[in-house]
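The values are calculated or read from the model by the stated rules, or taken from the named source; none is laboratory data. Not measured: the values here are computed from a predicted model. Here the Cβ is made from the backbone with ideal geometry for all residues, glycine too, and neighbour counts use every protein chain on show.
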Amino acid sequence: MKRVFRLIPLIIILICCQRDPLKVDVSGVVLKLSIKRLDHDIFLVTPDNKEIAIQKLRQTYGSFFIAYNENVIALGNPTDSLYPTYLNTFLSDTMRVLSRLKIDSVFSNLNDLEKKLQDGFRHYKYYFPHKAIPQIVTILSGFNQSIVMTNDVIGISLDNYLGANCSFYKMLAVPEYKRVNMYSDKIPTDVLYTWAIAEFAFDESKNNLLSNMIYQGKILYFLDAMFPDEPEHIKIGYLPEKLEWCKKNEPGMWTYLVEHRLLFNSGRMNIVRFVEPAPFTSAFTTDSPGRTGAWIGWQIVKKYMKKNRGISLPDLMMENDDQKILNDSGYSPEY
């Protein structure tokens, strides 16, 4: 019996060590998130009701409506005298009409999306209780930016999430590596990724490959915390087989970066080819995905947080010493 009692604390310790620290209980976080549908409401404007309908849109969507018109669909300020004419031309365009029908088909309701975003922002509120939560608005962008932001609003361009095989994207010659992420399940992580980029800005004072890799790794780890049950390939935007390629070739990629002394290289093109979206990483084979530097940065940050359990997510997001994160992670992938 004494041996059994001695084993119980050991078992408890082992269970605690193996538990995923990001799987936290957010049931007590009070947050009611709702989505406003500007993509629907804007089509309520007709030549017969234009003055009243436009005024209602301005009241409902505030400064975001101005930003949307000026910066996303490029129709100018809604107070301009010619704006109703420009808006009518935009809404009656054949591609707009067809994309609206497709949106209504793919997004017949937003219940699942609303639930997923609410869960993500509940996790955000858990870690950052004093931070504000943005209003979510769905828009029709004319296939421009997927996620747009003002200070307190995030706009989701539903016409950019109609499915990788959507005929519109092929017609517009959207590259395949971009099309693979243009589906509805990608929206929640895209929203929180964009929000994190705005909330935790990149430190421009140390702009080299390592700093960009670690920064991207921190943002991806942030997504781990917001969506602990979401598959990794969705978070980084890879096909599952591309994620497996990274796992299989991790030691070789790291060796290449170290031996070619690229980590502290501040050349713009050097940074772009490892952290920006691309069909593949030009330094590696065509079987590789793009953003392999971001993926490695993610692995470094995960190792850092695993080895330093006392560091909180807010602590991580505020830590700008990239060399410290690398050193304290003990990152050294083996063949």
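Some notes on this structure:
- Residue satisfying all of: in the stretch 281-308; part of a loop (DSSP other than H, G, I, E, B) and touching a residue at least 40 places away in the same chain (Cβ under 8 Å); farthest from the chain's Cα centre (by Cα) among these: ASP287
- When ASP190 is tested against (1) over 25 Å from PHE65 (Cα atoms); (2) touching a residue at least 40 places away in the same chain (Cβ under 8 Å); (3) crowded, with 19+ Cβ neighbours inside 10 Å, exactly one condition is not met: (1).
- Of the residues ASP229, ASP203, the single one that is part of a loop (DSSP other than H, G, I, E, B) and at pLDDT below 95 is ASP203.
- Considering the stretch 244-272, and only residues there that are touching a residue at least 40 places away in the same chain (Cβ under 8 Å), in a helix (DSSP H, G or I) and among the hydrophobic types (A, V, I, L, M, F, W, C), the residue that is surrounded by the fewest Cβ atoms within 10 Å (Cβ to Cβ) turns out to be TRP254.
- Residue under evaluation TYR215, criteria (1) outside any helix (DSSP H, G or I); (2) within 20 Å of VAL272 (Cα to Cα); (3) not charged (D, E, K, R), criterion not met: (1)
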